[in-house]
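Each remark here refers to the structure printed beneath this line.
Any read-out appearing in this document is the output of simple, stated calculations on the displayed coordinates, not a laboratory observation. Please read all numbers here as calculations on a predicted model, not as lab measurements. Please note: Cβ atoms are built from the backbone with ideal geometry, for glycine as well, and neighbour counts cover all protein chains shown.
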Amino acid sequence: MSDAPVSVGGVADERSRCAWATSTPDYVRYHDEEWGTPLHGDDALFERLCLEAFQSGLSWITILRKRPAFRSAFAGFSIDAVAEFTEQDEARLMADAGIVRNRAKIAAAVRNARAAQQLPDGLSALLWSFAPAGPRPHPATLADVPATSPESVAMAKELKRRGFAFVGPTTAYALMQATGMVDDHVADCFRADAAG
């Protein structure tokens with residue numbers, strides 16, 4: 001939790017936020033407008049799944065700042081479009097300085113799009129089937145926020161079973177946090193219980 005005022009649009013904003021969200025205007029905006037807000041839709045969740053995978057081993061701010069370039073490079077994260085990517089497309093992506101150029105992660109995004117096409121009820125339905133039932137207490141501090149959960153372990157296992165790559169339990173839990181499947185805003189954050 002951070003009580004230090006942050007600047008939002010040049011105006012001091014003294015609302016309490018999760019401590020991770022106060023270091024840059026990009027983080028403040030992401031925290032206040034997106035993180036923890038329930039997100040549905042196959043392509044929207046495919047984007048978040050890809051971005052969480054690309055983030056593995058890097059700072060989230062790196063991915064956040066490259067997000068427009070990622071969207072452009074990956075056809076707006078349309079599952080059907082990315083599933084059609086060829087080796088030439090992967091080579092194009094490896095040459096794109098606007099994104100994270102990691103061959104395994106790029107190949108995983110294409111593989112994951114193809115796996116998502118095979119889901120009978122769609123990606124959104126599958127991912128949301130792992131959301132915990134009912135509310136749970138908010139973490140008191142960032143130290144109380146887990147890196148994984150039983151649900152994220154189960155989600156990662158099922159995604160891998162269905163042919164997805166770069167979707168371990170930690171990545172799955174980060175996806176759950178980012179898309180509102182769990183609400184890990186700390187208890188005194190102004191967005192706790194307001195994200196949904």
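Some values worked out for this structure:
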quantity: Relative contact order (%) - the chain, alpha-carbon pairs under 8 angstrom, separation at least six; calculated: 29
quantity: Among ALA109, ALA21, ALA97, residue whose mean-square fluctuation peaks in a GNM of the chain (springs only between Cα atoms under 10 Å); calculated: ALA97
quantity: The range 76-92-the range 35-59 distance, computed between alpha-carbon centres (Å); calculated: 17
quantity: In degrees, nearest ten, helix 42-55 long axis to first principal axis of the chain (Cα); calculated: 80
quantity: Taking the range 84-196 and dividing mean pair separation by its residue count, relative contact order in percent (alpha carbons under 8 Å, at least six apart); calculated: 24
quantity: Cα long-axis angle, helix 150-161 against the chain (0 to 90 degrees, to the nearest 10); calculated: 10
quantity: Contour excess over end-to-end distance, with Cα ends at ARG161 and THR86 and 0.36 nm allotted per residue; calculated: 24.6 nm
quantity: Gaussian network model of the chain, springs between alpha carbon atoms under 10 Å - residue of ARG29, ARG136, ARG48 with greatest fluctuation; calculated: ARG136
quantity: Debye intensity ratio I(q)/I(0), log10, the chain, q values 0.10, 0.12, 0.14, 0.19 Å⁻¹ (C-alpha model); calculated: -0.42, -0.60, -0.81, -1.34
quantity: Using alpha-carbon coordinates, inclination of helix 103-117 to the longest axis of the chain, degrees; calculated: 80
quantity: Within the range 49-149, trypsin sites (Lys or Arg not before Pro) in DSSP loop having at most 16 other beta-carbon neighbours inside 10 Å; calculated: ARG101
